[in-house]
Amino acid sequence: MQQFLAVEVPEQRSSVLITPYNQVEEGRYLDPNTRTVFRFDHLRREASDAQDGSDLVVAETEELRAALQKSLSSYVASHYSSGTVSVFSHEGSVVSCIVSNRFSPNNYWNGSWRSVWSFNPESGQLNGSTKVRVHYFEEGNVQLDTQSDFAADVEAGRVKDAIAKFEGEFQQGINDGYVMLAERTFRGLRRTLPVTRNKIDWEKIANYKIGGELANADNN
């Protein structure tokens, strides 16, 4: 799955994702919400040279695309703390891209969420793919890299609900997996009790240690 990048559209109060679905030619992309075509430099990560792109808007799917952009923007704002969604008309389908990144290097972790949803209004087929990556690197290197796909027949007015339902179930599945990992897998790797089957009284051991240190101090 591509690594989509959110950029500010030049001369517009709007942001859009850089994806293959809104690329109109090499290095140039369309923001369908403002009907603006602009150049994007991938090395500098800079957008420039904004021009009118009204002639590139696909009239047949624009009403559906705009409605889905509105409903998904509300959904993303409610469920993602730092999410971005862009909806495009692409080869007869309406493609929705959702991205959310959280970077916290000071706390030794980074994470990303990517979703791509393609809805064909003629067939009513909705296909989606969601990918999550999490990297935790404090005194070690632990990574989660998981993806799940979706396909179903959906009415045009229920696309957002289908996306929300699937993504909610996907996230819950990840949460349940971590619970099972802690309760079952880790327990199978390490004994809860020592071989003696008795819990170690660490407080008593600490008291023994302190008492021994005090006795040695008195002898000295």
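The values are calculated or read from the model by the stated rules, or taken from the named source; none is laboratory data. Bear in mind the structure is a predicted one, so any value in this text is a computation, not a measurement. Don't worry about glycine lacking a Cβ; one is built from the backbone with ideal geometry, like all the others, and counts go over all protein chains shown. Ligands, DNA and RNA are excluded from the accessible area calculation, which covers all protein heavy atoms including side chains. Shrake-Rupley method; radii C 1.70, N 1.55, O 1.52, S 1.80 Å.
Things to note:
- Loop-located trypsin sites (Lys or Arg not before Pro) in the stretch 29-74 (DSSP state other than H, G, I, E, B) with a sparse environment of at most 11 neighbouring Cβ atoms within 10 Å: Arg44, Arg45.
- The portion of the accessible surface of the stretch 68-166 made up by carbon and sulfur, rounded to a whole percent, is 46 (1.4 Å probe; DNA, RNA and ligands excluded).
- Computed from point charges on the beta carbon alone (+1 for Lys and Arg, -1 for Asp and Glu), the dipole magnitude for the stretch 36-182 about its Cα centre is near 420 Debye.
- Loop-located chymotrypsin sites (Phe, Trp or Tyr not before Pro) in the stretch 43-142 whose Cβ has at most 14 other Cβ within 10 Å (DSSP): Tyr108, Phe137
- In order along the stretch 145-156, the Karplus-derived 3J(HN,Hα) couplings, from 6.51 cos²θ - 1.76 cosθ + 1.60 at θ = phi - 60°, round to 9, 9, 9, 9, 10, 9, 8, 6, 8, 9, 6, 4 Hz, and Gly and Pro are given as x.
- Treating each Cα of the stretch 10-141 as one equal point scatterer and applying the Debye formula with no solvent, the log10 of I(q)/I(0) at q = 0.09 Å⁻¹ comes out as -0.31.
- Residues whose amide H falls under 5 Å from that of Ser15, counting only those 5 or more places apart or on a different chain, are Val9, with hydrogens built in the peptide plane.
- Among the GluC sites (Glu not before Pro) in the stretch 1-42, those located in a DSSP loop and surrounded by at most 12 other Cβ atoms within 10 Å of their own Cβ are Glu26.
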